[in-house]
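Quick notes on the structure that follows.
Bear in mind that the values in this text are calculations on the coordinates, not laboratory data. Fair warning: this is a prediction, and the values are worked out from it, not measured in the lab. Cβ sites come from the backbone with ideal geometry, for glycine too, and all protein chains shown count toward neighbours.
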Amino acid sequence: MTDDSQRNFRSVYYEKVGFRGVEEKKSLEILLKDDPLDIEKLCTFSQRFPLPSMYRALVWKVLLGILPPHHDSHAQVMAYRKDQYSDVLHALTVIRFISDTTPQAEVFLRMYQLESGKLPRSPSFPLEPEDEAFLAITKAMEEMVEDSVDCYWITRCFVKQFHSKFRDSLPQLPKAFEQYLNLEDSRLLSHLKTCSAVSKLPYDLWFKRCFAGCLPESSLQRVWDKVVSGSCKILVFVAVEILLTFKIKVMALNSVEKITEFLENIPQDSSDAIVSKAIDLWHKHCGTPVHSA
């Protein structure tokens, strides 16, 4: 047997006996022993496989540039990050923008605004759509990352990278959604067009909030593995798979308002299957990165 065929045989065996992902976990542990860490290999691994929860925060911090590739620097860099977190928090408290009763998601938003030079003149000013998106992502991240310092830095860098790295791609996602839905189920797309619903779908929820508030965090983090490691197109396939999964329900709805309302509040019990099928669709249409561990 070749190395690849042995690995494939073992993966199938582990999956059958209930140890799905054992090989992948071992591969990741090997990658995490590299010094310096190989960012490209970690990205490729994250594109191909879901990250084990025990390593997710570490891999995200490395891929988002919060931690450097060299292991020796991790403790010192995180100490700096913690000091910066405390300084910004203190500044916002002194100017009375936050208090002990301010929800953590809002605290993180104000910290992000202050560091970005976008802090409004008063806490009572209405939030911009991008602020609402930040809050949604933060609330989801709070369920994934226990440590508040890690949570802030991951949220901050996730949002910053998302808007800088995918600036040119984001406006194209609704069109890509329409294209791939047409390939998978043209009849379903025709129904949406007949109802004049295509332009009214919850694209902001899907693409600007990265499904935060739409999917439960246990499923969402598998999608965000792909976003953090370099693909915003995965969001398109999650949207397509939501439509395919609830095709019968959507086809029975004949108004834009009802279709949009349903898609904004999809049943949560199907989310794991939706994400798994969406990742398969993504690999089908975009290929599978080659992981060279």
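Each eigenvalue of the Cα gyration tensor of the range 98-207, multiplied by 5 and square-rooted, gives one semi-axis; in descending order these are 34, 15, 13 Å. With all pairs of different C-alpha atoms in the average, the Kirkwood value for the hydrodynamic radius of the range 190-293 is 14.3 Å.
Within the same chain, aspartates and glutamates fewer than 8 places from K25 are excluded, and of the rest, those with a Cα less than 19 Å from its Cα are D3, D4, E15, D34, D35, D38, E40, D225. Highest-first packing order for the peptide set 57-64, 163-170 is 57-64, 163-170, based on the mean count of other beta carbon atoms within 10 Å.
Charge tally for D100 (other residues, Cβ to Cβ under 15 Å; Lys, Arg +1; Asp, Glu -1): +1. Across the range 95-137 the C-alpha pair distances fall into 5 Å bins from zero in the proportions 6, 21, 37, 29, 7, 0 percent. Considering only Q161, Q268, P202, the residue lying farthest towards the positive end of the dipole of the chain is P202, judged by Cα position with unit charges set on Cβ. Each part gets one Cα centre, and for the range 118-167 versus the range 216-279 those centres are 22 Å apart. Computed over the range 19-139, the Cα gyration tensor eigenvalues convert (square root of 5λ each) into semi-axes of 35, 17, 12 Å, ordered from largest to smallest. With only the Cα atoms considered, the chain has a convex hull volume of 151 Å³ per residue. Straight-line reach from K258: taking Cα to Cα under 21 Å and skipping same-chain neighbours fewer than 8 places apart, the lysines in range are K193, K200, K247, K249. Of all aspartates and glutamates in the structure, those lying under 13 Å Cα to Cα from K118, and not within fewer than 8 positions of it along the same chain, are E128, E130, D131.
Between L127, L243, L173, the residue with the greatest mean-square fluctuation in the GNM of the chain (Cα pairs under 10 Å linked by springs) is L127. The GNM of the chain, with springs linking C-alpha atoms under 10 angstrom apart, assigns the highest mean-square fluctuation among I95, I242, I259 to I95.
Farthest towards the positive end of the charge dipole of the chain, among the residues H283, L189, P171, is the Cα of L189, using unit charges on the Cβ of Lys, Arg, Asp and Glu.
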